[in-house]
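Everything on this sheet refers to the single structure shown next.
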Amino acid sequence: MNELYHENTFSGEGFTKRLDEKRSLGYTTDMHDDCKGQTITTITQLEKYLQLTDEERAFDSLEGILPIAIPSYFFSLIDKEDPRDPLRIQVVPTIHEGEYLEDEHSDPLAEVDHLVTGRLIHRYPSRVAFLVTDICAMYCRHCFRRRFTGTFQGPATKSEIQEAASYLKQHREVKEILLTGGDMMTLSDSKIQELISLFREAREDLVIRLCTRIPAAYPARITPKLVAIIKSFDTAPFYLMTQFNHPRELTKEAVAAVGLFVDAGIPAMNQSVLLKGVNDDASTLEELCNKLIFSRIKPYYLFQGDLVEGTSHFRVPLEQGLALEKELRRRLSGLAMPLYAVDLPQGGGKVPLTEGYLQESSGCTVWNFTTVEGKKRSYPRQ
Ligand code: SF4
């Protein structure tokens with residue numbers, strides 16, 4: 001076990017102070033009580049365990065940026081000798097987060113424009129996203145929702161949940177809800193029970209997606225008791241939506257945590273982000289997707305980086321992404337192949353990104369195709 005488990009790294013830091021202020025307002029983040037003493041939250045703490053680069057150290061001069069949180073479990077997976085370690089760069093911030101490009105936005109998906117209650121986003125006709133909390137066990141430096149994440153607003157109140165549930169009661173066209181944030185699994189078991197029961201009271205038929213990075217960040221949070229609580233509201237399906245970006249995140253502990261859901265009949269789907277220096281090569285992505293399938297987690301999406309302020313150092317050119325997608329399609333089975341997609345700016349929604357395999361319709365007799373291997377084939381029009 002990492003020595004950080006024995007050190008109260010939270011105490012006296014701004015992060016704890018602001019969380020404590022939220023608690024005094026009636027919020028609760030019990031998971032962070034469990035995690036207390038096990039999470040790195042400042043550059044000063046990082047300095048004790050890592051030889052920081054100048055770019056990492058300089059992050060301290062920035063203000064109002066996504067806070068730091070690295071659970072000691074995840075920290076223990078980092079190669080301390082390698083400043084470019086793909087796990088390290090996902091969680092250790094750099095000064096580059098202060099660089100805002102002209103094309104970037106704090107809310108490129110226009111989520112704020114689609115808020116229908118304080119915490120409910122209704123952007124697509126058949127599904128909604130509920131911002132359960134802004135708190136995460138681990139703050140990913142590529143986070144696309146950093147306008148909200150880690151802003152110390154705390155978990156949604158009961159009345160905010162009821163407001164969203166009542167909206168869903170009136171909008172039967174909504175078939176699915178994403179419980180997201182932040183990370184919903186940072187709530188205590190009793191808060192998760194209350195959250196799901198309020199939505200289930202309003203809509204027994206709603207498919208619920210449990211969106212979480214916790215299996216990668218802090219798998220000990222997932223317990224048989226938590227899964228049993230969720231299963232007790234099984235009037236409609238649940239789906240577990242994970243985020244694993246690199247094969248080394250799929251440890252024995254992480255796979256076992258997801259396995260608790262899968263064994264209970266809750267399928268697991270993974271949404272990776274294509275990240276420069278983390279997974280922007282075909283071999284890493286191939287290994288990630290094959291490991292996911294082997295762990296009973298379906299690779300669902302591979303997202304092109306959103307145009308979020310302060311994240312340009314993670315973005316992979318779209319042309320390179322398309323070439324990677326092409327190569328993956330050649331190497332992976334259909335089951336292991338994620339959908340490469342981009343969430344278009346100004347709330348344009350998701351579109352798939354793929355090579356044009358259908359070349360043209362020649363005359364009126366056939367469709368011409370290029371195969372994954374680059375060969376020519378045709379298919380009759382009728
Ligand atoms: S867990 Fe999700 S919401 Fe939280 S920082 Fe990471 S990407 Fe953002």
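For the range 291-316, taking the residues that are of a type in the set (Val, Ile, Thr) and farther than 18 Å from ALA268 by Cβ, the one that is surrounded by the most Cβ atoms within 10 Å (Cβ to Cβ) is identified as THR311.
With respect to the conditions (1) farther than 29 Å from ARG331 by Cα; (2) in contact with a strand residue (DSSP E or B) (Cβ under 9 Å, 6 or more places away or on another chain), ARG296 lacks only one, and its number is (1).
Can you spot a residue in the range 229-241 that is within 16 Å of the ligand (Cβ to nearest atom) and assigned by TED's automatic domain parsing to the domain that holds ILE297?
Yes, the range 229-241 contains at least one residue that is within 16 Å of the ligand (Cβ to nearest atom) and assigned by TED's automatic domain parsing to the domain that holds ILE297.
One residue is enough: does the range 1-15 have a residue meeting the conditions at pLDDT below 90, surrounded by 15 or more Cβ atoms within 10 Å (Cβ to Cβ) and assigned to a helix (DSSP H, G or I)? Yes: one or more hits. Filtered by the rule that a residue be part of a helix (DSSP H, G or I) and within 18 Å of HIS313 (Cα to Cα), the range 73-102 gives ARG88, ILE89, GLN90, VAL91, ILE95, HIS96, GLU97, GLY98.
Here is the figure for the range 317-336: residues that are within 30 Å of HIS114 (Cβ to Cβ) and either touching a Ser or Thr at 6+ places or on another chain (Cβ under 8 Å) or surrounded by 13 or more Cβ atoms within 10 Å (Cβ to Cβ) (or both) total 4. Would a scan of the range 57-69 turn up a residue that is charged (D, E, K, R) and not in a loop (DSSP other than H, G, I, E, B)? So far as the range 57-69 goes, yes, one or more of its residues are charged (D, E, K, R) and not in a loop (DSSP other than H, G, I, E, B). When the test is whether a residue is among the acidic types (Asp, Glu), touching a residue at least 60 places away in the same chain (Cβ under 8 Å) and over 30 Å from ASP263 (Cβ atoms), ASP281 does not pass it.
Total residues in the range 266-290 satisfying the condition of being closer than 22 Å to VAL91 by Cα and surrounded by 19 or more Cβ atoms within 10 Å (Cβ to Cβ): the figure is 11.
On the given criteria, is PRO67 closer than 22 Å to CYS211 by Cβ and exposed (fewer than 15 other Cβ atoms within 10 Å of the Cβ)?
Against the criterion (closer than 22 Å to CYS211 by Cβ and exposed (fewer than 15 other Cβ atoms within 10 Å of the Cβ)), PRO67 does not qualify.
Residues in the range 181-189: is at least one buried (at least 21 other Cβ atoms within 10 Å of the Cβ), of a type outside the set (Gly, Ala, Ser) and over 17 Å from ALA268 (Cβ atoms)? Yes, because at least one residue in the range 181-189 is buried (at least 21 other Cβ atoms within 10 Å of the Cβ), of a type outside the set (Gly, Ala, Ser) and over 17 Å from ALA268 (Cβ atoms). The helices (runs of 4 or more DSSP H) found entirely in the range 200-272 that carry 3 or more residues being under 18 Å from the mean Cα position of the chain (by Cα), within 26 Å of HIS142 (Cβ to Cβ) and hydrophobic (A, V, I, L, M, F, W, C) are 214-217, 252-263.
Of everything in the range 205-223 that is of a type in the set (Lys, Arg) and closer than 17 Å to SER272 by Cα, the residue that is farthest from the ligand (Cβ to nearest atom) is ARG209.
The values are calculated or read from the model by the stated rules, or taken from the named source; none is laboratory data. What you see is a predicted model, and the numbers here were worked out from it, not measured in a lab. Backbone-built Cβ (ideal geometry, glycine too); neighbour counts: all protein chains shown.
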